[in-house]
Amino acid sequence: MSKSVKLFIKIFVGTTLIGIIIGMGILAGALLGFIDTTSDLNIDELSLNATSFIYYTDSKTGEPKEYERLYGEENRVWCDITDTPEYFRQAFIAIEDERFYKHSGFDIKSTSKAVFDYVLRRNGRGASTITQQLVKNLTGDKDITPTRKIQEIVRAINLEKKLSKEQILELYMNTIYLSQGCYGVGSAADFYFEKDVSELTLAECAAIAGITQYPSKYDPIINPKNNKEKQELILGKMLELGYIDKQTYESAVAEPLVFVGKTREVASRQSYFADQVISDVLRDLQNIKGYSEAVAAKMLYTGGLRIYSTVDPVVQGIIDKVYADPKSFQTPPKGINPESAMVVLDPVTGGIKGIAGGKGEKTANRTLNRATQSYRQPGSAIKPVAVYAPAIENNLITPATVFEDKSLTFGSWSPKNYYSGFKGPVTMSYAIEQSINTIPVQIMERMSPSVSVSFMTNNLGITTLSSNDLNLAIALGGVTKGISPLELTAAYAPFANRGIYTKPMSYTKVLDDKGKVILENKKVSKKAMSEQTATIMAYMLKGAVDFGTGASAKFNPAYSTAGKTGTTDNDVDRWFVGFTPYYVAGVWVGCDNPRSMSFFSGNPCIPVWKRVMQEVHSAKGLPSKGFGVSSGVVEATFCTFGGGIPNDLCPSVKTAYFKSGSEPTEICTLHVPEENTEENPAEGEEGVEDTEPNAPSAAPSSSPPANTPAPSTPVDLGEPNV
């Protein structure tokens, strides 16, 4: 048998089998219902020719008001089909789908030809029609599997029933990727030639149309020779199909192409809040609605969407002002540029009221937002959510429980305090106020890291923890992947909201240009801890501001203020997370490339936090308010160091809230009258000098249990009083 006969048989059998397989696949898919139709494409929602708006709710009237308009970058310019030159449309049809106006979404002839070209090992256009390519652009589904290909064909056929050929071509020309970050012919015309689409010449249209099959290979800036060859191929095909005559063809081939590669400044800079809304809506348009990234972006910028956000422009405005002012931050040594981020939340609704992703004037849209995209070690700021809250919730400690601040060793690790030496027996209230490190490690040893990780992950919405964090270092903020300022701030919200955690959100709903709700972001809340635990924690953290390491955060006695500082090893990351009855806010300061910031005097986060919160409460005219007290708690006074009911010899006393029935019931035994002081004063004095207070029986041993690993990650060394 001759080679030509064998080749013919091979081609015939191959194309026949492909036709049979595709036909059977379409029929089986339609009968079994496993193939999606175009209903998931929501074509009716793709009205992409209007400005989108972000709204906020006016606190006085309750009515929505415009906050920002979303302006797309120049690589997102939508063009109506009537504004594109006819030969531009013909150029795409000639090279991509010459039978576009003859088929109904799927072209068996083109598929057979593609198989023929493949067998002969020669270049040719792919088998996908323009309609099939549009389906891929709309869904983002580009897996190379038989099932996906059959789904694509069925979707293309159904899409042709919904839309006219001109509508399909318009969507296609506005969603194709044309290299250099350009989606659609409008952005490509602007970038490559600095022209409106309607001003392009035939030669320029063919050059742009040539990019689409392999954008990097035919990019006219990167590979001008390849692009020129492809342009001439397209012009030749247009001549062959009768779209242009010989003279027009020759003129277009001879026309010099001048590529600009234009970079244009964006007219306006969106706030960090608008950036966050954009990120959240883009994510949900893709994950919930099923749009591709390109189509979701087109809808967002030019789909006439109405986005109802959680922002408070007063709060955001104050944050923007403070973060743009260099005087808000301590001056670092030359050559070092610490950054900062801040989040302000409504603890009840979970709404983000304001956010800053970096210091200084914002210079770009959708730049790095450190409040949500930077994950850093939290230091002591983790103690309330990782140690004290779960321990109180599980009835392991009370504010008056005594542990001994003493030397500890766990394998090769010995946790240190920020001060030298140890303070001996202290209560939990005092330990959290002074950010003592040895105490939470002992609590964690007794409670177990697994309880802590589960509590933070399941109750407080922290998403970055893993099995690698199941060691004692987590008590001091030694976590593998770090925590974002947004998640850590939200984890404090239950202390100000009766123990209820609400997932933070930047928007509540999105309407299309016709007023139809296309995304609804309902509040997601859960009980993170009991009201009693939340009350106790709120007042313990209030003590940290009234008497402890957060003392300089106090800004107005009219508002109860609570919070916790955080510092990591070598002062690499600094934190302050705090709250009032109205807001919970967190501030982080650090370098993008982690390095020590020991040059700062005091905690650089607190002045920023204090200024923002002070101005917000003043500007909003909020009435005086303290933290509430839940039912089921009682107030009691105890010895700061002994934990019992104070006697006359106790040098310091504290008052705190307890779960009913857990308050101290016995007189302090740490401070008791000395015996025989009159008969033998010298012996008594010597006894006082030599006697060390013993840790109470409740204090755990410093030897770790066998199943509790020593830490392998950086840990917190505390922070000085500020």
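Okay, here's what the table says:
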| quantity | calculated |
| --- | --- |
| Test for Thr669: is it surrounded by 12 or more Cβ atoms within 10 Å (Cβ to Cβ), part of a strand (DSSP E or B), modelled with pLDDT of 80 or more and at negative phi | no |
| Selection count where residues are under 10 Å from Val587 (Cα atoms) and of a type in the set (A, V, I, L, M), scope the stretch 603-618 | 2 |
| Pair list, Cβ < 6 Å and 6+ apart or interchain, from the stretch 650-670 residues that are in contact (Cβ under 8 Å) with a residue 40 or more places away in the chain and under 22 Å from Tyr539 (Cα atoms) to residues that are part of a strand (DSSP E or B) and among the aromatic types (Phe, Trp, Tyr) | Pro664/Phe638 |
| Candidate set: the stretch 61-85, residues that are hydrophobic (A, V, I, L, M, F, W, C) and in a loop (DSSP other than H, G, I, E, B); chosen: the one modelled with the highest pLDDT | Cys79 |
| Residue satisfying all of: in the stretch 501-517; at pLDDT 95 or above and buried (at least 20 other Cβ atoms within 10 Å of the Cβ); farthest from Gly304 (Cα to Cα) among these | Tyr501 |
| Of all residues making up the stretch 150-208, the number that are among the charged types (D, E, K, R) and crowded, with 22+ Cβ neighbours inside 10 Å | 4 |
| Filter result for Ala534 (closer than 18 Å to Pro378 by Cα and crowded, with 23+ Cβ neighbours inside 10 Å) | no |
| Count of the stretch 504-545 residues which are under 23 Å from Gly563 (Cβ atoms) and of a type in the set (Phe, Trp, Tyr) | 1 |
| Some residue of the stretch 282-304 being part of a strand (DSSP E or B) and surrounded by 13 or more Cβ atoms within 10 Å (Cβ to Cβ) | yes |
| Selection count, the stretch 358-403, where residues are basic (Lys, Arg) and closer than 17 Å to Asn437 by Cβ | 1 |
| Residues (within 40 Å of the chain's Cα centre (by Cα), more than 19 Å from Asn174 (Cβ to Cβ) and either at pLDDT 95 or above or of a type in the set (Ser, Thr, Tyr) (or both)) located in the stretch 189-217 | Tyr214, Ser216 |
| Single unsatisfied condition, Ala391 versus (1) surrounded by 24 or more Cβ atoms within 10 Å (Cβ to Cβ); (2) touching a Ser or Thr at 6+ places or on another chain (Cβ under 9 Å) | (1) |
| Residues that are part of a loop (DSSP other than H, G, I, E, B) and either surrounded by fewer than 24 Cβ atoms within 10 Å (Cβ to Cβ) or more than 30 Å from the chain's Cα centre (by Cα) (or both), drawn from the stretch 537-560 | Gly548, Lys554, Phe555, Asn556, Pro557, Ala558, Ser560 |
| Any hit, the stretch 526-536, residues being touching a Pro at 6+ places or on another chain (Cβ under 6 Å) and closer than 28 Å to Tyr308 by Cβ | yes |
| Qualifying residue in the stretch 404-412 (condition: touching a strand residue (DSSP E or B) at 6+ places or on another chain (Cβ under 8 Å) and either over 29 Å from Met597 (Cα atoms) or not in a loop (DSSP other than H, G, I, E, B) (or both)) | yes |
| Tally, over the stretch 488-528, of residues that are of a type in the set (Ser, Thr, Tyr) and assigned to a strand (DSSP E or B) | 5 |
| Checking Ser450 against (1) in contact (Cβ under 8 Å) with a residue 24 or more places away in the chain; (2) out of contact with any strand residue (DSSP E or B) (no Cβ under 6 Å at 6 or more places or on another chain), the condition it does not meet | (1) |
| Residue ID - farthest from the chain's Cα centre (by Cα), chosen from residues in the stretch 366-382 that are outside any loop (DSSP other than H, G, I, E, B), closer than 18 Å to Pro594 by Cβ and not small (Gly, Ala, Ser) | Ile382 |
| Positions within the stretch 573-611 being of a type in the set (Asp, Glu) and part of a loop (DSSP other than H, G, I, E, B), in sequence order | Asp592 |
| Residue satisfying all of: in the stretch 416-442; in a helix (DSSP H, G or I) and without any contact (Cβ under 8 Å) to a residue 60 or more places away in the chain; surrounded by the fewest Cβ atoms within 10 Å (Cβ to Cβ) among these | Thr438 |
| Any hit, the stretch 205-226, residues being of a type outside the set (A, V, I, L, M, F, W, C), over 16 Å from Ile93 (Cα atoms), part of a helix (DSSP H, G or I) and without any contact (Cβ under 8 Å) to a residue 12 or more places away in the chain | yes |
| Test: residue in the stretch 635-642 that is surrounded by 18 or more Cβ atoms within 10 Å (Cβ to Cβ), among the polar types (S, T, N, Q) and under 16 Å from Asp546 (Cα atoms) | yes |
| Residues of the stretch 263-279 classified as surrounded by 13 or more Cβ atoms within 10 Å (Cβ to Cβ) and modelled with pLDDT under 65, total | 1 |
| Qualifying residue in the stretch 383-395 (condition: free of Cβ contacts under 8 Å to residues at least 60 places away in the same chain, under 34 Å from the mean Cα position of the chain (by Cα) and not in a helix (DSSP H, G or I)) | yes |
| Selection within the stretch 612-649 - β-branched (Val, Ile, Thr) and either part of a strand (DSSP E or B) or within 30 Å of the chain's Cα centre (by Cα) (or both) | Val612, Val616, Val633, Val634, Thr637, Ile645 |
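Residues checked against (1) touching a residue at least 40 places away in the same chain (Cβ under 8 Å); (2) in a helix (DSSP H, G or I):
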| residue | (1), (2) |
| --- | --- |
| Gly317 | no, yes |
| Gln330 | yes, no |
| Ser340 | yes, no |
| Lys359 | no, no |
| Ala364 | yes, no |
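Per-residue answers, yes or no, for (1) out of contact with any His (no Cβ under 7 Å at 6 or more places or on another chain); (2) buried (at least 17 other Cβ atoms within 10 Å of the Cβ); (3) under 21 Å from Leu70 (Cβ atoms):
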residue	(1), (2), (3)
Pro313	yes, yes, yes
Gly317	yes, no, yes
Asp320	yes, yes, yes
Ala324	yes, no, no
Lys334	yes, no, no
Val343	yes, yes, no
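Okay, residues lined up against (1) of a type in the set (A, V, I, L, M, F, W, C); (2) in contact with a helix residue (DSSP H, G or I) (Cβ under 7 Å, 6 or more places away or on another chain):
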position	(1), (2)
Ile150	yes, yes
Lys162	no, yes
Ile176	yes, yes
Cys182	yes, yes
Asp190	no, no
Leu202	yes, yes
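The values are calculated or read from the model by the stated rules, or taken from the named source; none is laboratory data. What you see is a predicted model, and the numbers here were worked out from it, not measured in a lab. Using ideal geometry, Cβ is built from the backbone for each residue, glycine included, and neighbour counts are taken over all protein chains shown.
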